[in-house]
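So the structure is just underneath, and the comments pick up after that.
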Amino acid sequence: MVKPTFFDPSAHIVGLDDDLTASKMPERPDPPVPFSGVTFGVAKMSENSPHGGEMHPDGDEILYLISGRVKVIFLDDDEQDADVGPGDGLVVPKGMWHRVDIIEPSQIVYLTPGPNNQFRPVRSDT
């Protein structure tokens, strides 16, 4: 029989595979371990991501801000950047390049599709 499993969001993320079976995986800075399905995690962020943007070709990404303030910057697109505060949710469409800039230290819940996530290096001229 399968039993409930506790996880510490500061140490683990949870992957949901195609049949929605959950697997506990170690939390790590970007880029995450590729996972075929969707990853659920809670990130504490006090500085910008260590990449110059990310894109998820496998599906939409869902972000929900618990605390702090961030600005989601949409790259290669005319979409207006999004200021996100506590209690705000945001769906980043499949295939849209974006990055999360930290305005105030934040805690953010994410649901990210995979496994084909792409990341750009940080530009040295910014």
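So what is the relative contact order of segment 12-118, in percent, for Cα pairs below 8 Å that sit 6 or more residues apart?
36
Efficiency by 1/(1 + (r/R0)^6): what FRET value for Lys44 and Asp19, r their Cβ-Cβ distance, R0 = 41 Å, to the nearest 0.05?
0.85
Sorted from fewest to most neighbouring beta carbons within 10 Å, what does the list Thr5, Thr112 look like?
Thr5, Thr112
What are the ³J(HN,Hα) values, in whole Hz, obtained from phi via the Karplus relation 6.51 cos²θ - 1.76 cosθ + 1.60 with θ = phi - 60°, for each residue of segment 92-104 in sequence order, with x given for Gly and Pro?
9, x, 3, x, 8, 5, 7, 8, 10, 9, 8, 8, 10
Per residue and in cubic angstrom, what volume does the convex hull of the Cα atoms of segment 1-61 have?
Output value, Cα hull per residue: 98 Å³.
For segment 79-126, rounded, prolate or oblate, judged on the Cα gyration tensor with a ≥ b ≥ c (square roots of eigenvalues), a/c < 1.5 rounded, else prolate if a/b > b/c?
Oblate.
Residue by residue, what Karplus-based ³J(HN,Hα) values in Hz, rounded to whole numbers, does segment 44-54 have, using 6.51, -1.76 and 1.60 with θ = phi - 60° and x for Gly and Pro?
My calculation for segment 44-54 gives 9, 10, 10, 8, 4, 4, x, 9, x, x, 9 Hz in order.
Give the separation of the Cα centroids, segment 98-118 to segment 34-96, in Å.
4
Would you mind computing, in nm to one decimal, how far apart the modelled labels at Asp77 and Lys94 are, each placed 7 Å from Cα along Cα→Cβ?
Each label point is offset 7 Å from its Cα along the Cβ direction, giving 1.3 nm.
With labels modelled as points extended 7 Å from the Cα through the Cβ direction, what inter-label distance (nm, one decimal) is found for Thr5 paired with Gln118?
Result for the modelled spin labels: 3.1 nm.
Quick note: the coordinates plus some simple rules give every number you see, no bench work behind them. Source: prediction; values computed, not measured. Cβ atoms come from the backbone with ideal geometry, glycine included; neighbour counts cover every protein chain shown.
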